[in-house]
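The values are calculated or read from the model by the stated rules, or taken from the named source; none is laboratory data. It should be emphasised that the depicted structure is a prediction, and the values quoted were computed from it without experimental measurement. Positions of Cβ are generated from backbone atoms using ideal geometry, with glycine treated the same way; all protein chains shown enter the neighbour counts.
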Amino acid sequence: MGFSSQDDLINKVTVSGQYVRRESQKVTAPVHTAGGWHLLAGLAGFPNATTFPGTDLLWAACTETAGEGTTVLGMQHGGNVESGGVTKHILNINALVVAAAGAPWQMKLVDLEGYYLLSTTNVTGTGSRTLINTNTFTCTSATPAVLTYANDWKTFTKVQLTTSNTLPTGLSLATDYWLVRVSSTTANIATSLSNAIAGTYVATSSTGVGTHTLTAQKRNPNGVGCEAFFCVQTAPTAGGPNLTASSYTNTAGTAARAFQGSVTNGAAADAYATRILHSGNAAGRYGPFMPKQGGDTGIKSIESFTWSAGTAYTGSGVVALCVARPLLDISIPVTGMLSERDLLNQLPSLPRVYDGACLAWMLFGTGATTTASPITTNVDFAWG
């Protein structure tokens with residue numbers, strides 16, 4: 001796993017060719033207000049801008065290969081390498097922002113695990129929203145097996161299986177699988193992401209007995225290191241509700257945990273595309289992520305939340321409740337300055353990038369960042 005020495009790293013990069021450099025380029029729109037965080041995945045440029053498509057309240061997994069199922073959402077980083085103990089790591093990054101105002105900036109690279117789409121009444125209404133992380137299913141006895149369920153999960157959603165009795169022969173409990181969508185209610189199932197991409201699916205020789213359930217899983221086992229945030233895709237017309245209740249499951253499997261503090265989403269003036277609603281400098285605002293309950297090291301799943309205090313949003317807004325794993329940060333002190341961070345020698349950390357990781361940048365500006373400002377990055381990956 002990883003590299004045994006710098007000589008080993010150099011050999012992997014220069015001899016074995018286990019290295020790629022990837023660029024990204026985005027353009028801000030609209031003006032980013034001062035003191036707020038933004039998820040750049042929704043901006044024009046490369047990778048393609050996402051629109052957070054999907055079914056309201058249903059977990060939507062994001063991956064390197066398929067983005068969120070319709071467009072490439074994350075930065076491509078060399079495909080799947082996790083075989084025979086191989087792991088992928090980030091060696092070096094650089095970033096550049098050119099804007100008439102807004103400096104200094106902070107950028108954060110995250111692995112966007114997925115999101116829960118909120119539109120129509122789930123943005124504008126009040127009360128509790130129950131989120132969907134499971135699907136009951138039936139299964140054919142066939143080669144390959146075909147699973148049938150009610151909720152439309154995206155291709156490459158990672159799942160585990162449970163049953164009230166006996167699973168179909170060929171499927172196992174406490175085992176990671178990956179779905180490959182056949183239709184809105186059917187899918188094949190694979191034993192690895194690589195097999196899912198290659199079209200190598202599980203065969204079954206019985207349909208099983210009892211009620212069977214698929215439960216969505218995070219790329220990072222049990223959601224270790226994962227954080228949550230609300231990101232705007234389409235601005236609501238008015239309002240600014242507060243998060244008054246929430247329930248998530250932590251990495252230890254403890255349910256009914258709650259995000260802490262009085263999380264304020266802020267006025268509609270801050271609810272523009274790409275903005276992380278609850279970020280900012282005012283009371284009830286936070287950094288890019290909502291504070292977890294004390295001692296929690298990650299988020300396995302989110303079960304519900306309530307927007308009830310403050311003023312409800314109106315109009316036809318679209319918001320995504322995202323779950324992501326932060327990987328690294330870089331500061332950009334002035335406009336036009338290319339900032340670089342060496343993660344091997346300067347800050348020895350070599351952040352790990354899992355197979356299928358959907359890499360996206362976040363941006364924080366201390367001042368209002370002008371619209372149509374280009375943001376460019378480069379990331380060096382190696383594996384061994």
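Here ALA41 fulfils each of the conditions (1) modelled with pLDDT under 95; (2) assigned to a loop (DSSP other than H, G, I, E, B) apart from (2). Filtered by the rule that a residue be touching a strand residue (DSSP E or B) at 6+ places or on another chain (Cβ under 7 Å), outside any strand (DSSP E or B) and within 30 Å of ALA142 (Cβ to Cβ), segment 205-229 gives THR207, GLY208, GLY210, THR211, GLN217, LYS218, ARG219. Going by the structure shown, is ILE375 closer than 30 Å to THR14 by Cβ, assigned to a strand (DSSP E or B) and modelled with pLDDT of 95 or more? When the stated conditions are applied, ILE375 does not pass them.
One line per residue, one yes/no per condition, for (1) under 22 Å from VAL232 (Cα atoms); (2) in contact with a Leu (Cβ under 7 Å, 6 or more places away or on another chain); (3) not in a strand (DSSP E or B):
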| site | (1), (2), (3) |
| --- | --- |
| VAL323 | yes, no, no |
| VAL334 | no, no, yes |
| LEU344 | no, yes, yes |
| PHE364 | yes, no, no |
| GLY367 | yes, no, yes |
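Name every residue in segment 345-356 that is aliphatic (A, V, I, L, M) and at pLDDT below 95, in order of residue number. LEU347 - this is the single residue of segment 345-356 that is aliphatic (A, V, I, L, M) and at pLDDT below 95. Just one residue in the set THR175, THR155 is modelled with pLDDT of 95 or more, β-branched (Val, Ile, Thr) and assigned to a loop (DSSP other than H, G, I, E, B); that residue is THR175.
Within segment 230-241, one or more residues are outside any loop (DSSP other than H, G, I, E, B), in contact with a helix residue (DSSP H, G or I) (Cβ under 7 Å, 6 or more places away or on another chain) and at pLDDT 90 or above.
Among the residues of segment 118-152, those that are over 18 Å from GLY54 (Cα atoms), part of a loop (DSSP other than H, G, I, E, B) and of a type in the set (S, T, N, Q) comprise THR126, THR140, SER141, THR143.
Could you identify the single residue in VAL97, VAL123 that is farther than 21 Å from ALA360 by Cβ and crowded, with 22+ Cβ neighbours inside 10 Å?
Every option except VAL123 fails the conditions.
Taken over segment 260-284, the residue count meeting the criterion of being in contact with a strand residue (DSSP E or B) (Cβ under 7 Å, 6 or more places away or on another chain), surrounded by fewer than 22 Cβ atoms within 10 Å (Cβ to Cβ) and modelled with pLDDT of 90 or more is 2.
Here are some residues: GLY114, GLY102, GLY78, GLY85. Which one is in a loop (DSSP other than H, G, I, E, B) and within 21 Å of GLY42 (Cβ to Cβ)? Spell out the reasoning first.
Values: GLY114 fails: in a loop (DSSP other than H, G, I, E, B); GLY78 fails: within 21 Å of GLY42 (Cβ to Cβ); GLY85 fails: within 21 Å of GLY42 (Cβ to Cβ).
The unique qualifying residue is GLY102.
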